[in-house]
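Since the structure comes first, as structure tokens, the remarks are kept for the end.
Any read-out appearing in this document is the output of simple, stated calculations on the displayed coordinates, not a laboratory observation. Note that the structure is predicted; figures quoted are calculated from it, not measured. Methodologically, a virtual Cβ is constructed for each residue, glycine included, from the backbone with ideal geometry; neighbour enumeration extends over all protein chains shown.
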Amino acid sequence: MKKKSDNDFTNLVVSEILSGVRDGLTKFSGPSRVAVIYRLGVDDDFFICDPGDLLRGHETKMGSAFIEEDNRPVPTLHNLSEGPYSHIDQVANLELDGTISFGGQSGPVPYQMWLTEHHPEILSTGPTQRWLEHAALRFSHDVANERELYSGISGRFLSEYATHAVHDHIIYELSRFKTSGPRYAIYPILNGILAISKTREELKSPHGELVFVDPRHIDSLDFMAQFQASEQPLLDNHKHVRKLLQAVQKFRNRLVSDGKQILGIARGRIRQFHITADFQGLFGFLRVNDQSICSFADGAYSSATHQAKLFQVEEVLLDYDLDSSARSSLYHIVSSIVHYAETEHFGCSVVLDMNQQISYIAGQNLEQELDLERSNLLDLACDLARVDGALQIGIDRKLHRFACLLDGPAIVNEDRARGARYNSALRYTARTPNTIVIVVSSDRPVSVIKNGREYMNSGTSGDEKGPDLRPQTLQQWLQES
């Protein structure tokens with residue numbers, strides 16, 4: 001039986017690591033809940049700390065997995081009690097919908113499972129999984145050290161783990177690629193990418209691709225131009241690299257680096273393991289073997305796609321009696337138009353008219369409505385969105401008019417700081433029932449407007465501060481449901 005002081009110490013370690021992971025992932029992916037399930041002895045009770053109710057709704061599956069004797073996870077490590085804290089043997093994930101998780105066992109901690117929510121629009125779950133994996137390592141380390149050697153640094157370290165998580169996932173992908181390690185250091189590359197992304201040339205942010213290839217494979221590339229060895233710019237000369245990116249802004253060419261210097265300009269597919277920084281102005285994307293793993297902006301890495309998160313559109317469509325295929329099709333149509341406008345940097349408005357009999361709006365009428373479930377006509381609608389005025393789309397998933405003029409009498413909650421497009425949508429929806437207007441501004445997030453108000457999504461993360469961070473037995477947690 002553990003002493004009370006040992007339990008208090010474990011509670012402290014759990015709360016600090018959980019807080020650090022939560023704060024770090026919130027900066028990396030947006031508001032994030034985190035939970036952990038663990039046991040400190042092979043015969044001990046399972047404990048849970050779930051301050052944001054991330055795991056509520058999964059009680060049946062968790063009860064079956066941890067409470068029923070035949071299903072309980074059992075250690076597979078030999079001499080588990082004597083194993084080092086630094087060796088984490090991964091265990092099977094719980095496969096809970098809407099979560100990302102990593103579980104492991106070690107000498108000090110026979111079982112632990114760290115979980116966070118799977119945000120629907122992130123570039124990759126990989127860095128988040130590496131984040132949770134490191135949380136498991138830190139927990140094992142702190143429990144092994146006990147109170148006398150406890151530094152208290154784990155939570156603070158995990159709250160600033162973004163670059164390390166990206167680094168760790170690149171190493172993970174490298175191991176999956178079944179090749180020996182590259183002859184370059186990854187941290188200088190990651191730091192160099194951030195520095196270049198913040199370097200402007202003639203007041204403009206960088207565009208173009210910079211690819212990093214193992215020096216052993218340089219000869220396999222299709223170089224269009226190679227720089228003399230004595231004049232190859234150093235990667236850490238960020239201003240010089242930023243200038244060179246101007247030469248690869250178009251035509252799918254890219255700068256090539258061996259991790260230390262810029263070697264030249266190449267084209268074509270690269271089959272060997274490589275890392276690509278795709279600079280797109282104020283933000284960019286980091287790819288490993290042509291798969292995006294994260295983005296970067298404002299001197300930091302994140303999981304953001306840098307496209308509008310249209311949760312509000314999904315939620316507001318649930319208010320209407322539609323079958324799932326119609327709802328999914330409408331969402332696809334709206335998101336395609338919105339993301340096209342974002343990519344092409346223009347503002348527009350889309351009116352979703354949810355009435356069976358479509359409302360009349362002054363605009364450019366069509367001889368025959370465009371069926372937007374046909375991809376070529378949806379592409380045409382995306383370009384018609386460039387024309388001043390709004391697109392009018394019916395519940396039938398057809399474009400009825402474009403260049404529509406939205407107006408109405410003034411209402412009390414107008415925001416003159418938001419411009420004519422936004423306020424016209426407020427006025428129009430205030431007087432026209434069953435209409436939704438999606439407003440895309442070139443310099444602001446997307447706004448979803450209904451009944452004369454901007455629609456705010458109802459999803460919120462739980463408050464994870466204060467005494468809620470105390471672990472409890474899994475049995476107690478299940479009884480509270």
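If r is the Cβ-Cβ distance from Ala410 to Ser359 and R0 is 22 Å, what FRET efficiency results, to the nearest 0.05?
It comes to 0.65.
Once fully extended, how much extra length lies between His207 and Ala417, figured as 0.36 nm per residue of separation less the alpha-carbon to alpha-carbon distance?
Numbers: separation 210, 0.36 × 210 = 75.60 nm, distance 3.07 nm.
Fully extending the segment from His207 to Ala417 adds 72.5 nm.
Pairing the Cα long axis of helix 419-431 with the longest principal axis of the chain, what angle in degrees results, from 0 to 90 and rounded to the nearest 10?
For helix 419-431, the angle is close to 80 degrees.
With a point put 7 Å past each Cα toward its Cβ, work out how far Ala195 is from Asn289 in nm, to one decimal.
It works out to 3.0 nm between the two label points.
If you plug each phi of segment 111-121 into the Karplus form 6.51 cos²θ - 1.76 cosθ + 1.60 with θ = phi - 60°, what whole-Hz ³J(HN,Hα) values come out, in order, with x for Gly and Pro?
7, 8, 9, 9, 9, 9, 7, 8, 4, x, 10
Scan around Asn451 for amide H atoms under 5 Å from its own, H built in the peptide plane at 1.01 Å from N, and keep only partners 5 or more places away or cross-chain.
The answer is Thr435.
Is there a quick way to get the dipole size of the chain? I mean about its Cα centre, with the Cβ of Lys and Arg at +1 and of Asp and Glu at -1; what is the value in debye to the nearest 20? If you can, show how the numbers build up before the last one.
Numbers: 49 positive and 63 negative charges, 334 e Å.
My answer is approximately 1600 debye.
Quickly work out the Val42-to-Glu95 label distance, labels modelled 7 Å from Cα along the C-beta direction, and quote it in nm with one decimal.
In this crude label model, Glu95 to Val42 measures out at 2.7 nm.
Taking θ = phi - 60°, what integer Hz values does the Karplus form 6.51 cos²θ - 1.76 cosθ + 1.60 yield along segment 363-375, in sequence order, with x for Gly and Pro?
The phi angles translate into x, 7, 6, 10, 4, 9, 4, 8, 6, 7, 7, 8, 4 Hz.
With unit charges on the beta carbon (Lys/Arg positive, Asp/Glu negative), name the residue among Ile170, Leu322, Gln479 whose Cα is farthest towards the positive pole of the charge dipole of the chain.
The listed residue farthest towards the positive side: Ile170.
First measure r as the distance between the Cβ atoms of Glu231 and Gln307, then evaluate 1/(1 + (r/R0)^6) with R0 = 35 Å and state the FRET efficiency to the nearest 0.05.
Details: r = 40 Å, r/R0 = 1.13.
So, using R0 = 35 Å, E works out to roughly 0.30.
Computed FRET efficiency, Cβ-Cβ of Leu366 and Ala144, R0 56 Å: what is it to the nearest 0.05?
Working: r = 70 Å, r/R0 = 1.26.
Taking R0 as 56 Å, the efficiency between Leu366 and Ala144 is 0.20.
Where nothing but the Cβ of Lys and Arg (+1) and of Asp and Glu (-1) is charged, how large is the charge dipole of segment 175-302 around its Cα centre, in debye to the nearest 20?
On the way: 18 positive and 12 negative charges, 43 e Å.
The calculated dipole for segment 175-302 is roughly 200 debye.
What length, rounded to one decimal in nm, is gained on full extension from Ser336 through to Gln476, with 0.36 nm per residue of separation minus their alpha-carbon distance? Write down the numbers at each step before the final one.
Details: separation 140, 0.36 × 140 = 50.40 nm, distance 4.66 nm.
Taking 0.36 nm per residue and subtracting the Cα distance, the gain is 45.7 nm.
Taking Cα pairs under 8 Å and at least six residues apart, what relative contact order does the chain come out at, in percent?
Numbers: 881 pairs, mean separation 67.9, N = 481.
Here the relative contact order equals 14 percent.
Between beta-carbons, use under 15 Å as the cut-off and find the net charge around Ala162, counting Lys and Arg +1, Asp and Glu -1. Don't skip to the end; give the middle numbers.
Working: positive: Arg22, Lys27, Arg130, Arg156; negative: Asp23, Glu133, Glu160, Asp168, Asp298.
Residues near Ala162 contribute -1 overall.
A 24 angstrom limit on the alpha carbon distance is what I want to check against. Which of Lys239/Lys260; Lys27/Lys198; Lys27/Lys61; Lys27/Lys243 exceed it? Walk me through the numbers before you get to the answer.
Values: Lys239/Lys260 15 Å; Lys27/Lys198 19 Å; Lys27/Lys61 30 Å; Lys27/Lys243 31 Å.
Over 24 Å apart, Cα to Cα: Lys27/Lys61; Lys27/Lys243.
How far is it, in nm, from the label point at Ile171 to the one at Ile153 when both lie 7 Å from their Cα along the line to the Cβ?
1.6 nm
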